[in-house]
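The values are calculated or read from the model by the stated rules, or taken from the named source; none is laboratory data. Predicted, not measured: the structure shown is a model, and the values here were computed from it. We place every Cβ from the backbone using ideal geometry, glycine too, and count neighbours over all the protein chains shown.
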Amino acid sequence: MNSVDSLTGFLNRFGCFHTAMRLAAEATGNRQTFAVIWLDLDRFKQINESFGHLIGDEVIENLATRFRPCVSGRAEISRVGGDEFVLLAPGFDRTQALQFAAELADIVQEPLHIGSLTLRPTASIGIAIHEPNEDPLTLLERADHAMFAAKSKGGNNIICSGDEPIPGRLGVTLAREELSIESTLHEALETGGFCLHYQPIIHADGTVEAVEALMRCKLNGENISPMKFIPVAEKTGVIIRLGEFSLLQGAMHARTLHDAGHETKVAINVSRAQLVSPAFTQALHAALLCSNVSPNLIELELTESLFMDISDTVQQNLKEIIATGVSLSIDDFGTGYSCLASLKDIPAGKLKLDRAFVTVLPDDRRALSVVKAVTQLGHELGMTIVAEGCENQQQIDVLLEAGVDAIQGFFYAKPMPDSELLPWLKARSHKI
């Protein structure tokens, strides 16, 4: 079954496709238009992962109840996925659809009180205006693609079809591109097309606190951006093989640094797909055994939602990681649904502030206030605080003044291949 057939069958189950067909016919006959508005909640997966599916279902029910007064008499609404709604609005032109979408976005952003929780969700919204004699399936695909474009801009956005960064590219084309990237990933795994680059993390005293291992892919002389291949690897499950590669190569390079006289930690990113697998600790033990490296020279970077995953497998893996002597770090802190109260229960010794708080410094005083507050709290919990994405001295000065312990960013060094890291470390040590 091709992707078009699959999408048709999916939409048929909810009546959305048939409704679109009817409205398209009416619009053609009356020489009027109508709008498709595709709404997808941002970071809804994190709600399910952090608080459980019952809370997630309650969020959806609350939002559906809120939508009814706004939608009634103006549009027909269907839920077409776990966190997605499609609205079909007869007679709406572009301006009216944008205004309607803005109303829906405001409704989504109203605080949701669920038990003791207060959530402030956002939505990515795509809009497509029916064109004369347009196939309803193509119309729905355009709205879906516009929604994904809104999400790719960081969420909490509204985009009309045709305003995407790459106009006119439909879901079928995107699916083909993903299949091509997936094929490239397998070929790169078989031919040695993957490697790790390392970006130093500099302590406030000028010493190298650690280096972060970052995946790179090169095939047939062409560098493939992690922004392209990582999402596909996560979607297809290839990320598990990439994660095992990172564990082994990162551990082996930590041993190389140790043998050269540098007791420098190597920080390795771990994906959700790895941590939810019962075999994860086996892969970790294998990497430590093969590299013969001390566990205290390895650090695993996880996103905060993984620490708050209450599944037995994740919790057991976290306990076994700590038992090996490998340290844990919270990566990209401040993105998604951060829960400061949960920090006291997280077995991590390092917290990395997301670059979103750093790139706006020193001008954004509100961002600086957040940095100061999180830094103080982290210190009281015994954590080392790292700021990511530093690109100039002004940012570093204000971050160090705020109490941040270490800096990572282009100002000090871009990610570099392992062949360049050791000479860089030697040159750095001579400057201190």
Notebook entry, point to check: Yes or no: Glu103 farther than 30 Å from Gly162 by Cβ and not assigned by TED's automatic domain parsing to the domain that holds Glu304?
Noted result: no
Check: Restricted to the stretch 107-120, and to residues that are surrounded by fewer than 11 Cβ atoms within 10 Å (Cβ to Cβ) and within 24 Å of the chain's Cα centre (by Cα), which residue is modelled with the lowest pLDDT?
Finding: Thr118
Item checked: Within the stretch 275-306, considering residues that are more than 30 Å from His262 (Cα to Cα) and within 20 Å of the chain's Cα centre (by Cα), the one surrounded by the most Cβ atoms within 10 Å (Cβ to Cβ) -> Leu306
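The rows are residues; the columns are (1) under 30 Å from Phe148 (Cβ atoms); (2) of a type in the set (Gly, Ala, Ser); (3) assigned to a helix (DSSP H, G or I).
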{"position": "Leu242", "(1), (2), (3)": "yes, no, yes"}
{"position": "Ala254", "(1), (2), (3)": "no, yes, yes"}
{"position": "His262", "(1), (2), (3)": "no, no, no"}
{"position": "Val266", "(1), (2), (3)": "no, no, no"}
{"position": "Cys290", "(1), (2), (3)": "no, no, yes"}
{"position": "Asn296", "(1), (2), (3)": "no, no, yes"}
{"position": "Glu301", "(1), (2), (3)": "yes, no, no"}
{"position": "Leu306", "(1), (2), (3)": "yes, no, yes"}
{"position": "Lys319", "(1), (2), (3)": "no, no, yes"}
Note to self: Can you say whether Leu98 is touching a Leu at 6+ places or on another chain (Cβ under 6 Å) and aliphatic (A, V, I, L, M), as far as the supplied structure shows?
What the structure shows: no
Check: Given the structure, is Glu212 of a type in the set (Asp, Glu) and modelled with pLDDT under 90?
Finding: no
Margin query: For a quick check of your reading of the model, give me the residue pairs whose first member lies in the stretch 70-85 and is surrounded by 16 or more Cβ atoms within 10 Å (Cβ to Cβ), whose second is of a type in the set (Lys, Arg), with beta-carbon atoms closer than 9 Å and at least 6 apart or on different chains.
Written below: Ile77/Arg68; Val80/Arg13; Asp83/Lys45; Phe85/Arg79
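This table checks each residue for (1) farther than 28 Å from Ala260 by Cα; (2) polar (S, T, N, Q); (3) touching a His at 6+ places or on another chain (Cβ under 9 Å); (4) in the same structural domain as His258 (by TED's automatic domain parsing).
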{"position": "Leu377", "(1), (2), (3), (4)": "yes, no, no, yes"}
{"position": "Glu380", "(1), (2), (3), (4)": "yes, no, no, yes"}
{"position": "Ile385", "(1), (2), (3), (4)": "no, no, yes, yes"}
{"position": "Gln395", "(1), (2), (3), (4)": "yes, yes, no, yes"}
{"position": "Gly403", "(1), (2), (3), (4)": "yes, no, yes, yes"}
{"position": "Pro417", "(1), (2), (3), (4)": "no, no, yes, yes"}
{"position": "Leu421", "(1), (2), (3), (4)": "no, no, yes, yes"}
Next item on the list: Select from the stretch 215-228 the residues that are assigned to a helix (DSSP H, G or I) and modelled with pLDDT under 90 and write down the one among them that is surrounded by the fewest Cβ atoms within 10 Å (Cβ to Cβ).
Entry: Met227
Next item on the list: Could you look through the stretch 323-356, keep only residues that are exposed (fewer than 13 other Cβ atoms within 10 Å of the Cβ) and among the hydrophobic types (A, V, I, L, M, F, W, C), and pick out the one that is modelled with the highest pLDDT?
Entry: Ala323
Next item on the list: Output the number of residues of the stretch 357-367 satisfying the condition of being surrounded by 19 or more Cβ atoms within 10 Å (Cβ to Cβ) and over 21 Å from the mean Cα position of the chain (by Cα).
Entry: 1
Check: Out of curiosity, is Phe148 surrounded by fewer than 21 Cβ atoms within 10 Å (Cβ to Cβ) and aromatic (Phe, Trp, Tyr)?
Finding: yes
